[in-house]
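Worksheet: one structure, shown below.
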Amino acid sequence: MRGVGFLLSTQAKKALIGYNPISSRIISARFDAAPFKISVIHVYAPTSSSSEEDIDAFYNDIEEALTKTDKKDILILTGDWNAKIGNDNTDWKSVMGKYGYGDRNERGERLLEFAIVHDLYVCNTKFQHKPNRKWNWASPDGIHKNMIDLILIQHRWKTSVTDCRTFQSADISSDHSLVLCNINLKLKKPHNKPQKCCRVDVNRLRDEEIKQSYSAALTKQMKEIEPTCSLEEHAKKIEQAIKITVEATVPAKRTAKKPWISEETLKLADEKRRLKQLRNVSLEYTQQYKGLCRKVKRSARQDKGHWIQDQCEQAEKGVNIENTREAYGLTKMLRKEFLRRLNVIRNQEGTVLKTNDDIKRRWTQYCSSLYKDPGGGDGMVKELEDIGPPGNEDPQDILYSEVQAAINSLKRNKSSGSDGVTAEMLQAGGEPLSRQIHKLCNKAWHEGTIPEEWGKSILVPIPKKGDLNFQKAFDTIKHKIIWAMLKSYGVDTTMVTLLQKIYEKSQSAVRIGKDNGEWFRTDVGTRQGDPLSPLLFIAYLERVMDQIRR
């Protein structure tokens, strides 16, 4: 069985620029760091039973990976090389130290020759340690031990390595041991941090005490908004007031996983770890250790089975009390399937994109071209304008009852927009918030425009089975046809003008993970997530059917 990969910390994940799965034995990744970027190549070399052709193909793949690495990068190679380089560094002092382990074999000599060609240094041999801190593989009987998991770094950076040793106490259920290398390098923090949303549990607003606390605090914030402020400033102050209040009064969302491993299983795991540290090679010890490993696995399986049974009972209870959302969430979690990553896509030439910036740029490029107006449609606009005259009614104020009804009709448990404000936050705000939103809506109505934030929308790609490719899934109705169609129905000019302003300010961005791509204009199609969009689309289809019937 083959397979290689990286398990990254949160800091390393943020610094990750991109990765490239070269083969089932080799993977590379690039990280943003100081003073230079870091390229890491992780490998799993063919075993001693493999043919020379397999070894040649393996090293050829590494050579190809090295040619694609930036020459300025700090280069690090890690992995299971299945090669013994020994402890004699005579004639090899440029690539290894004098603190190796065991004897050298033919594969080890080839690895050292490879290191000389590419000016690499084996970090495992640089520091003096006890033998059990050098070897990192042991045979099943515990008699044969070798140092085959090696970390190589460019020779000019070997002074940055402060230590490299094996940790035998790390219980990882493998015949290999954990190798740790300390290198004085600094990963960079991302420059464009993703916009943080309010990470609060909005469902807690159903609690009457929390709801009253939120409403009271928000009322104080609403009083600070001046009635003479501009439309943009008014909208921004309402948004900030909601965010400040909800973060101060509503508990944060808990994301901790429910532990399903029992105390008994943990005790067995501790006993297994203690037994491993004895390092006894007797047959009785080996059988005892293997038996304990089986007990740990069996106990863990039983724990998970009991936990799944408990979750099923909770889901059934949710159905019985008509809490279908919780029941659906538990069912979805239990039958969760693998979802393919959305940050592995191809460009127009079919080449797989590897860096986050390239991936976001490609999504933005595709969606912006999809929503670009190709022109045409003037003939249909002329026909629609001849059907009926536009309305000329004087614009009336939006009623407070209309705003209140619109807020109350918002569906809960839905994702927020780019501002992070959810329906629950608006509905729990009470009359003071509704009054401010009413004033804001009337201000936008009379000025014939909207705040910039209202025109923004986030597009989230949804994965599908098979090779992920781009297919048009959005309507491409021309905006000028929509306006002509509304006028043909006798909609008053003020309403049509306001809708035109809304669509002129429409911007979208594609969200990949926690990052958003660049904002782009949407020149065709109805706005995604807008309650008015279905009505506009239906009215458009109705007018098309009228034309067909004629």
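The values are calculated or read from the model by the stated rules, or taken from the named source; none is laboratory data. Quick caveat, the model's predicted, so the values are computed rather than measured. Using ideal geometry, Cβ is built from the backbone for each residue, glycine included, and neighbour counts are taken over all protein chains shown.
Scoring ASP88 on the criteria (1) touching a Phe, Trp or Tyr at 6+ places or on another chain (Cβ under 9 Å); (2) at pLDDT 90 or above; (3) among the charged types (D, E, K, R); (4) closer than 25 Å to ASN136 by Cα leaves a single failure, condition (1). Annotation: of all residues in the stretch 349-368 being more than 20 Å from the chain's Cα centre (by Cα) and at pLDDT below 85, the one that is surrounded by the fewest Cβ atoms within 10 Å (Cβ to Cβ) is GLU349. For first residues located in the stretch 61-80 and in contact (Cβ under 8 Å) with a residue 60 or more places away in the chain, partners that are assigned to a loop (DSSP other than H, G, I, E, B) and surrounded by fewer than 12 Cβ atoms within 10 Å (Cβ to Cβ) and lie 6+ apart or on another chain with Cβ distances below 9 Å form the pairs ILE74/PRO35. When the stretch 419-455 is filtered for residues that are closer than 25 Å to ASN203 by Cβ, charged (D, E, K, R) and out of contact with any helix residue (DSSP H, G or I) (no Cβ under 7 Å at 6 or more places or on another chain), only GLU431 remains.
Where strands (runs of 3 or more DSSP E) fall wholly inside the stretch 140-197, the ranges with 3 or more residues that are touching an Asp or Glu at 6+ places or on another chain (Cβ under 9 Å) and modelled with pLDDT of 85 or more are 149-154, 178-183. For the stretch 389-397, state whether one or more residues are of a type outside the set (Ser, Thr, Tyr), loosely packed, with under 12 Cβ neighbours inside 10 Å and modelled with pLDDT of 85 or more. Yes, some residue in the stretch 389-397 is of a type outside the set (Ser, Thr, Tyr), loosely packed, with under 12 Cβ neighbours inside 10 Å and modelled with pLDDT of 85 or more.
Which residue is surrounded by the most Cβ atoms within 10 Å (Cβ to Cβ), if the candidates are limited to the stretch 214-241 and must be assigned to a loop (DSSP other than H, G, I, E, B) and touching a residue at least 12 places away in the same chain (Cβ under 8 Å)? Break it down into steps so the answer makes sense when it comes.
Taking the stretch 214-241 and keeping what is assigned to a loop (DSSP other than H, G, I, E, B), we get 224-230.
Then keep just the ones that are touching a residue at least 12 places away in the same chain (Cβ under 8 Å); that gives 224-225, 227.
Numbers: GLU224: 8, ILE225: 17, PRO227: 8.
Ranking the qualifying residues of the stretch 214-241, first place goes to ILE225.
Quick check on ALA484: is it within 18 Å of SER533 (Cα to Cα), assigned by the TED database to the domain that holds SER533, small (Gly, Ala, Ser) and in contact with an Asp or Glu (Cβ under 9 Å, 6 or more places away or on another chain)? So ALA484 fits the description; yes. Checked against (1) more than 24 Å from VAL403 (Cβ to Cβ); (2) surrounded by fewer than 20 Cβ atoms within 10 Å (Cβ to Cβ); (3) out of contact with any Gly (no Cβ under 6 Å at 6 or more places or on another chain); (4) of a type outside the set (A, V, I, L, M, F, W, C), SER508 meets all criteria but (2). One residue alone among LYS243, LYS253, LYS257, LYS237 is modelled with pLDDT under 85, in contact with a helix residue (DSSP H, G or I) (Cβ under 9 Å, 6 or more places away or on another chain) and not aliphatic (A, V, I, L, M), and that residue is LYS253.
For (1) assigned to a strand (DSSP E or B); (2) over 17 Å from TRP157 (Cα atoms), each residue gets a yes or a no:
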| position | (1), (2) |
| --- | --- |
| ILE76 | yes, no |
| TRP92 | no, yes |
| ASP103 | yes, yes |
| GLU109 | no, yes |
| TYR121 | yes, no |
| ASN124 | no, no |
| GLN128 | no, yes |
| TRP135 | no, yes |
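ILE62 meets each of the listed conditions (1) touching a Phe, Trp or Tyr at 6+ places or on another chain (Cβ under 7 Å); (2) modelled with pLDDT of 95 or more apart from (1). With respect to the stated conditions, LYS211 is crowded, with 17+ Cβ neighbours inside 10 Å, touching a residue at least 60 places away in the same chain (Cβ under 8 Å) and not assigned by the TED database to the domain that holds ALA45.
Would you check which residues across the stretch 498-550 are touching a helix residue (DSSP H, G or I) at 6+ places or on another chain (Cβ under 9 Å), of a type in the set (S, T, N, Q) and closer than 21 Å to ILE458 by Cβ and list them? Within the stretch 498-550, SER506, GLN507, SER508, ASN516, THR522, THR526 meet the criteria.
Taking the stretch 20-39, which residues are hydroxyl-bearing (Ser, Thr, Tyr) and surrounded by fewer than 20 Cβ atoms within 10 Å (Cβ to Cβ)? Passing the criteria: SER23, SER24.
In the set (1) out of contact with any Gly (no Cβ under 8 Å at 6 or more places or on another chain); (2) surrounded by 21 or more Cβ atoms within 10 Å (Cβ to Cβ), the condition left unmet by THR67 is number (2). Flag set for THR47, criterion: out of contact with any Lys or Arg (no Cβ under 8 Å at 6 or more places or on another chain), in a loop (DSSP other than H, G, I, E, B) and touching a residue at least 12 places away in the same chain (Cβ under 8 Å).
Evaluate the stretch 10-19: report whether one residue or more is outside any loop (DSSP other than H, G, I, E, B), over 19 Å from LEU185 (Cβ atoms) and touching a residue at least 12 places away in the same chain (Cβ under 8 Å). Give the derivation first.
Looking only at the stretch 10-19, we keep the residues that are outside any loop (DSSP other than H, G, I, E, B), and these are 10-19.
So of that shortlist, the ones also over 19 Å from LEU185 (Cβ atoms) come out as none.
Looking for residues that are outside any loop (DSSP other than H, G, I, E, B), over 19 Å from LEU185 (Cβ atoms) and touching a residue at least 12 places away in the same chain (Cβ under 8 Å), one finds none in the stretch 10-19, hence no.
Yes or no, residue by residue, for (1) small (Gly, Ala, Ser); (2) surrounded by 16 or more Cβ atoms within 10 Å (Cβ to Cβ); (3) farther than 20 Å from TYR366 by Cβ; (4) at pLDDT 85 or above:
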{"site": "PRO451", "(1), (2), (3), (4)": "no, yes, yes, yes"}
{"site": "LYS464", "(1), (2), (3), (4)": "no, no, no, no"}
{"site": "ASP475", "(1), (2), (3), (4)": "no, no, no, no"}
{"site": "ASP492", "(1), (2), (3), (4)": "no, yes, yes, no"}
